[in-house]
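Asker: Take a look at this one; I'll ask things after.
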Amino acid sequence: MASDWSLPVQAGEGKRSVIGASNGYEIRAHHQTDSCSFLVVELSQSESELYPFMSGGNSGLHYGYDRTQPIVCPRTATSRRAVSVLNQMGARYLHLLCSWIAGASRVAPRNWRLGFGMIVRCFVLVFLTAWIGIPAACGQGTSGVRMNEIQVIGTHNSYHAGFAPSEERLWGRLAPDSLPSLDYRHAPLDQQLDAGVRQIELDVFADAKGGLFADPAGPRLVAQSGLSADPPFDPQGVLRRPGFKVMHVQDIDYRSTCQPFVACLELVRSWSHAHPGHVPLFILVETKSGKLKQVSFRSVEPEPFTPSVFDALDAEIRSIFPSDELITPDLVRGDFATLNQAIRKQGWPRLDSVRGKVVFLMDQRPARAAYLRGHASLRGRVLFTNSEPGRADAAFIERNEGSAAEINLLIREGYLVRTRTDSGTEEARSGDIRRRDEKLGSGAQLLSTDYPASEPSRWTGYSVALPGAVPARCNPVLRPTGCVDSALEVPAR
């Protein structure tokens, strides 16, 4: 391809328009912002095929696209003018071609010449439709925007299902000062993603043999207190099987909307496949291994996270997400010696190249050393560590309590930053929005809350959302040139 062209480019805001129709057939041009898209046309009822073919009967003319094939966009003004001319020509002749093919398809191909002619016409139609899919203002909207130059809303402890009624009464008696900070719950992960959340958090416990968390203290204490039994927390016996488990606090706060860890990931992957034009989904993983302190009952001591346990964690993630669906430290580092050099000198991948993918981030800084052992600068690892500025592995940094000024400095240096807009249900109970608004304006890419717009506080209505209720917006501090909020994602068909 000539150097005058750049890959990839986006088009429009996901709007569809009927270009022409004849004899029950329609040609639709789909303006979309998914960089990994190539518009094609079909003469069949299925939209899953990625190449055109002829089909008779009453089948409609549809389009489809392949995420692996990028749309090209001209880089120079001369090329853009050429595209404009082609667009005008394409729009003029698409209706004629549609009628031509529709008429031919009513005749059964009795010889090779007719069949060959139909195929040629189909390919011509595909070519013109692809050109119409290029936006009038080519190069605007998302081209050039990097994945760290956006801002999204995330949820804290995204799996958290809250307490059952008797459990809540129990802990209200035993730990009245601690219970209020745990009094929140979230919808299932796919519903959160439907509502616009683009960063989730999963707390994981190692359970190599299975059964370590299958008999928590909570139900026993409920029975001993004379309270009525709550609904079972693990009706399928999932906790008795080997593998990483998802919960907040062993023995106390163990109800999750998804279990085990791989099941949570499967939910995310299914949603991602149904919405391939999404900005990267950020999955924050908090590894838990601490023993409960100052409790009057026998409690489970979790397994420690050693380098080999982290190997198993990476393996579980890779068992659900193949490498072409992951944004990994190796991908970001490229040919640089360290990850830190890569993000500060070259920058993060362009958004156009990573739509439909997921990125895993580590929450616990103390676990960083074990995860790095044998993997300098995170070579071969899946998760980005929560590091300190300037270190070889530093690309992602948490500043949950950081000031807007501190966060502003970090993101300008190229770091991906996660912060919290509220904590412990305090803002949700008081309705105080000062922390929320400061963090929204800080430029932190990941804004974590217990109260996304779809789950407002029941006390004050407090919630966190981006202006315009979009799932992602152009970063308010970095202000990438030509970025358009509505073009960051491609709506699902």
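The values are calculated or read from the model by the stated rules, or taken from the named source; none is laboratory data. Note that this is a predicted model, so its numbers are computed, not measured. Here Cβ is always computed from backbone atoms with ideal geometry, including for glycine, and neighbour counts include all displayed protein chains. The accessibility values were calculated without ligands, DNA or RNA, using every heavy atom of the protein model including side chains. Shrake-Rupley method; radii C 1.70, N 1.55, O 1.52, S 1.80 Å.
Asker: Taking N as the number of residues in segment 381-491, what is its alpha-carbon radius of gyration divided by 2.2 N^0.38 Å?
Answerer: That ratio works out to 1.13.
Asker: Also, I was wondering about something else. Plugging the Kirkwood radius over Cα pairs into Stokes-Einstein for segment 293-352, at a temperature of 4 °C and a viscosity of 1.567 mPa s, what D comes out in µm²/s?
Answerer: 87
Asker: What is the Cα centroid distance between segment 374-398 and segment 256-287, reported in whole angstrom?
Answerer: A separation of 22 Å, based on Cα centres.
Asker: Could you tally the net charge around LEU227, taking each other residue with its Cβ under 12 Å from the Cβ of LEU227, Lys/Arg +1 and Asp/Glu -1? Mind dumping the intermediate values first?
Answerer: Values: positive: ARG169, ARG173, ARG220; negative: GLU167, GLU168, ASP230.
Taking every other residue near LEU227 into account, the sum is 0.
Asker: Within segment 217-246, find all residues whose amide N lies under 20 Å from a label point positioned 7 Å from the Cα of SER308 along Cα-to-beta-carbon.
Answerer: 242-245
Asker: How would LEU174, LEU372 rank on accessible area, largest to smallest, probe 1.4 Å? Before the final figure, lay out the partial values.
Answerer: Numbers: LEU174 105, LEU372 35 Å².
Ranked from most to least accessible, the order is LEU174, LEU372.
Asker: Hey, another quick one. Which of the pairs LYS209/LYS293; LYS291/LYS357; LYS245/LYS357; LYS293/LYS357; LYS357/LYS439 have their Cα atoms more than 29 Å apart in this structure?
Answerer: LYS291/LYS357; LYS293/LYS357
Asker: What would the Debye formula give as log10 I(q)/I(0) at q = 0.13, 0.16 Å⁻¹ for the alpha-carbon point model of segment 134-245, no solvent?
Answerer: Taken in order of the listed q values, log10 I(q)/I(0) reads -0.71, -0.95.
Asker: If you bin every alpha carbon distance in segment 426-474 into 5 Å steps from zero, what whole percent lands in each bin?
Answerer: 5, 21, 33, 25, 13, 4, 0
Asker: Where the accessible area of segment 169-215 is counted over protein heavy atoms with a 1.4 Å probe, how much of it, in %, is carbon and sulfur?
Answerer: Carbon with sulfur: 49 percent of the solvent-accessible area.
Asker: Given q = 0.11, 0.15, 0.17, 0.23 Å⁻¹, what are the Debye log10 I(q)/I(0) values for segment 210-319, with equal point scatterers placed on the Cα positions and solvent ignored?
Answerer: Per q value, in the given order, log10 I(q)/I(0) is -0.44, -0.76, -0.93, -1.41.
Asker: Can you tally the net charge around ILE397? Count Lys and Arg as +1, Asp and Glu as -1, for every other residue whose Cβ sits under 14 Å from the Cβ of ILE397.
Answerer: Taking every other residue near ILE397 into account, the sum is +1.
Asker: While we're here: Got a sec to turn the phi values of segment 146-153 into Karplus ³J(HN,Hα) couplings, 6.51 cos²θ - 1.76 cosθ + 1.60 with θ = phi - 60°, whole Hz, x for Gly and Pro?
Answerer: Calculated HN-Hα couplings, in order: 9, 5, 8, 9, 10, 9, 9, 9 Hz.
Asker: Taking N as the number of residues in segment 362-439, what value does Rg over Cα atoms divided by 2.2 N^0.38 Å take?
Answerer: 1.29
Asker: Per Stokes-Einstein, at 20 °C and 1.002 mPa s, what whole-number D in µm² s⁻¹ belongs to segment 401-459, with the Kirkwood radius over Cα pairs as the hydrodynamic radius?
Answerer: Result for D is 180 µm²/s.
Asker: With only alpha-carbon atoms counted, please give the Rg and Dmax of segment 283-400, in Å.
Answerer: 15.7, 54
Asker: How big is the accessible area of HIS156 in square angstrom, nearest 10, if you roll a 1.4 angstrom probe over the protein chains?
Answerer: Using a 1.4 Å probe on the heavy atoms, I get roughly 30 Å².
Asker: With every protein chain left in place and a probe of 1.4 Å, what is the accessible surface of LEU267, to the nearest 10 Å²?
Answerer: Approximately 60 Å² of LEU267 is accessible to the 1.4 Å probe.
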